[in-house]
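What follows is a set of notes on a single structure, which appears directly below.
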Amino acid sequence: MTSKRILSPRDWSSHPRQAHPDYKSTLLRSQRQPLVPLPQSLSELTGPVFGHCGVTGRDADLTRNSIRDGEAIGERIIVAGRLLDESGRAVPNALIEVWQANAAGRYVHSQDQHDAPLDPNFLGAGKALTDSAGRYRFTTIRPGAYPWRNHSNAWRPAHIHFSVFGTAFIQRLVTQMYFPGDPLLALDPIFNATADAAARQRLVAAFSTELTEPEWALGFEFDIVLRGPQATPLES
Amino acid sequence: MSSQTPSQTVGPFFSHALTPSGSGHAPIAGRQLADERTPGTLIRIEGRVLDGKSHPVTDALVEIWQARHDGAYPDDSDAFRGFGRASTDADGRFWFQTVKPGAPPENGAPHVNTTVFARGMLNHAFTRIYFSDEQEKNARDPVLANVDPVRRKSLVASLRDSAGRPVYEFEICLQGAHETVFFDA
Ligand SMILES: [Fe+2]
């Protein structure tokens, strides 16, 4: 069996370790056996394409994509950036899905018991395809922080969940985007599960005057980097 | 050069965005990948996700990516898209209706590439579903050969005799004595 790598490995100095005791839910759900190395075949290097699955511009505007009888409540923001691989190359035509709590910190989800109001005009779900330069752009409402039961007086910092597909199935990434200057970041076991401080900073969006639209919405820039081509091909 | 964006957990509250939930938001994929018109043998994969105490994981997300019946991976022009997504129910169960994939063109046995996400998983886990009625091909599969024989069976879905359509059962154990084999490609 050859072990030629086409894509670089998952960067375990960047990704969190699976077992992180401060995050209680990992206790029974993290793997204890070492991962088994898998050569990269077509199974790993191909992946689903979403160019024809009917994603429209409206899907990327969370302030509009689910309105019923009024406007979504909260601070309107723009979240935009580029989807790149490690070599700096743009990943075009890739599907990015986002979901989040509303301005009050409440999700449209039957299991969310937080005593905060739902917004009938805000679902908190959107999707977009990256353009030829790997760019994406969402308009949304700044999510609120919300409490969770991980430890006493635990609050998640405001965040937007991101689900990203590259061209290869093993480039799949699910992550969370945070906001700069949030005092809850230092206290959050999920954010801090990534040991490396520089890697953690890659989860924090940057405020951007360029993306900010006058009289309309603040802008935040969030670039996402997927596994790229293996820099030095390995042969065995 | 840039560095990889760290993974974060999918959390408990993804279903309104990622799965059909009656919210009016059209998801990009679901449990049903194929129907009677799809070339190949229509099958059902029924699974369960369990935690380290063998309790059902009721808020997991399972994604699959598989070849067509002829072993080739679908492209943009195929009606069969090869990608499915399901969340687990109150018993930790999930299912897919799809066609049985063909064997890969190189060598090896037919399989379904599978990704598992859940609250409490900071990274997704990547595994493969093989089929119990492909013993000959499974025996020659280089990926299965590379797995400790004791743990190998965690990768093989068992065919259940059911009237009409083949049903394959596959248990995903995130932790514990029967922990499923997860890969790092
Ligand atoms: Fe969240």
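Quick one: which of A:Val79, A:Val49, A:Val98, A:Val55 is out of contact with any helix residue (DSSP H, G or I) (no Cβ under 8 Å at 6 or more places or on another chain) and within 16 Å of the ligand (Cβ to nearest atom)?
Details: A:Val49 fails: within 16 Å of the ligand (Cβ to nearest atom); A:Val98 fails: out of contact with any helix residue (DSSP H, G or I) (no Cβ under 8 Å at 6 or more places or on another chain); A:Val55 fails: within 16 Å of the ligand (Cβ to nearest atom).
Every option except A:Val79 fails the conditions.
What's the total number of residues in segment A:41-63 that are in a loop (DSSP other than H, G, I, E, B), surrounded by 16 or more Cβ atoms within 10 Å (Cβ to Cβ) and not hydroxyl-bearing (Ser, Thr, Tyr)?
Of the residues in segment A:41-63, 7 are in a loop (DSSP other than H, G, I, E, B), surrounded by 16 or more Cβ atoms within 10 Å (Cβ to Cβ) and not hydroxyl-bearing (Ser, Thr, Tyr).
Kindly indicate the residue of segment B:84-139 that is among the hydrophobic types (A, V, I, L, M, F, W, C) and touching an Asp or Glu at 6+ places or on another chain (Cβ under 7 Å) and also surrounded by the most Cβ atoms within 10 Å (Cβ to Cβ) among those meeting that condition.
Checking each candidate, the answer is B:Ala118.
Can B:Leu50 be described as over 30 Å from B:Asp161 (Cβ atoms) and within 12 Å of another protein chain (Cβ to nearest Cβ)?
Criteria not met by B:Leu50.
Suppose the filter is within 12 Å of the ligand (Cβ to nearest atom), without any contact (Cβ under 8 Å) to a residue 12 or more places away in the chain and farther than 30 Å from B:Phe83 by Cα; does A:Trp148 pass it? Give the steps one after another, and end with the answer.
Working: within 12 Å of the ligand (Cβ to nearest atom): yes; without any contact (Cβ under 8 Å) to a residue 12 or more places away in the chain: yes; farther than 30 Å from B:Phe83 by Cα: yes.
Answer is yes for this residue.
From A:Arg10, A:Arg17, A:Arg29, which residue is closer than 30 Å to B:Lys53 by Cβ and surrounded by 20 or more Cβ atoms within 10 Å (Cβ to Cβ)?
Result of the check over A:Arg10, A:Arg17, A:Arg29: A:Arg29.
Among the listed residues B:Pro110, B:Pro56, which satisfies the condition of being within 11 Å of chain A (Cβ to nearest Cβ), farther than 22 Å from A:Gln176 by Cα and either touching a Gly at 6+ places or on another chain (Cβ under 6 Å) or away from the ligand (no atom under 16 Å from the Cβ) (or both)?
It is B:Pro110.
Scan (1) more than 30 Å from A:Pro229 (Cα to Cα); (2) within 16 Å of the ligand (Cβ to nearest atom); (3) at pLDDT 95 or above for the single condition B:His16 breaks and write down its number.
(3)
Does segment A:201-236 hold any residues that are basic (Lys, Arg) and in contact with a helix residue (DSSP H, G or I) (Cβ under 6 Å, 6 or more places away or on another chain), and which are they?
Of everything in segment A:201-236, just one residue is basic (Lys, Arg) and in contact with a helix residue (DSSP H, G or I) (Cβ under 6 Å, 6 or more places away or on another chain), namely A:Arg227.
If you check A:Asp85 against the conditions, is it closer than 30 Å to B:Ala79 by Cβ and more than 7 Å from every other protein chain (Cβ to nearest Cβ)?
Working: closer than 30 Å to B:Ala79 by Cβ: yes; more than 7 Å from every other protein chain (Cβ to nearest Cβ): yes.
Here the answer is yes, as A:Asp85 does meet what is asked.
Which condition number does B:Tyr73 fail, the rest of (1) within 30 Å of A:Arg58 (Cα to Cα); (2) crowded, with 19+ Cβ neighbours inside 10 Å; (3) among the hydroxyl-bearing types (Ser, Thr, Tyr) being met?
Status for B:Tyr73: all satisfied but (1).
Show me the strands (runs of 3 or more DSSP E) found entirely inside segment A:140-236 where at least 1 residues are among the polar types (S, T, N, Q) and within 13 Å of another protein chain (Cβ to nearest Cβ). Quick ask: steps written out before the conclusion?
Working: elements: A:146-148, A:154-156, A:159-164, A:173-178, A:206-213, A:217-221, A:224-226.
Ranges flagged: A:159-164, A:173-178.
Could you name every one of the helices (runs of 4 or more DSSP H) located completely within segment B:116-182 that has at least 3 residues being out of contact with any Phe, Trp or Tyr (no Cβ under 7 Å at 6 or more places or on another chain) and more than 30 Å from A:Leu27 (Cα to Cα)?
Passing ranges, in order: B:135-140.
Take segment A:19-35 and flag every residue that is in a loop (DSSP other than H, G, I, E, B) and not polar (S, T, N, Q).
A:Ala19, A:His20, A:Pro21, A:Asp22, A:Tyr23, A:Leu27, A:Leu28, A:Arg29, A:Arg32, A:Pro34, A:Leu35
Please go through segment A:184-236 and pick out each residue that is surrounded by 18 or more Cβ atoms within 10 Å (Cβ to Cβ), of a type outside the set (A, V, I, L, M, F, W, C) and over 26 Å from A:Asn153 (Cα atoms).
If the condition is that a residue be surrounded by 18 or more Cβ atoms within 10 Å (Cβ to Cβ), of a type outside the set (A, V, I, L, M, F, W, C) and over 26 Å from A:Asn153 (Cα atoms), then A:Arg202, A:Gly219, A:Arg227, A:Gly228 are the ones that fit.
Residue-wise test of (1) within 11 Å of chain A (Cβ to nearest Cβ); (2) touching a helix residue (DSSP H, G or I) at 6+ places or on another chain (Cβ under 9 Å).
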{"position": "B:Gln4", "(1), (2)": "yes, yes"}
{"position": "B:Ser21", "(1), (2)": "yes, yes"}
{"position": "B:Ile45", "(1), (2)": "no, no"}
{"position": "B:Ile64", "(1), (2)": "yes, no"}
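So, in segment B:141-172, how many residues would count as being within 13 Å of another protein chain (Cβ to nearest Cβ) and surrounded by fewer than 14 Cβ atoms within 10 Å (Cβ to Cβ)?
Here the count works out to 4.
Taking segment B:34-46 only, how many residues are buried (at least 23 other Cβ atoms within 10 Å of the Cβ) and not β-branched (Val, Ile, Thr)? First the steps, then the outcome.
Taking segment B:34-46 as the starting set, the residues that turn out to be buried (at least 23 other Cβ atoms within 10 Å of the Cβ) are B:34, B:45.
Next, only the ones that are not β-branched (Val, Ile, Thr) stay: B:34.
The total comes to 1.
The values are calculated or read from the model by the stated rules, or taken from the named source; none is laboratory data. It should be emphasised that the depicted structure is a prediction, and the values quoted were computed from it without experimental measurement. As a convention, Cβ positions derive from the backbone with ideal geometry for all residues, glycine included, and neighbour counts pool all protein chains shown.
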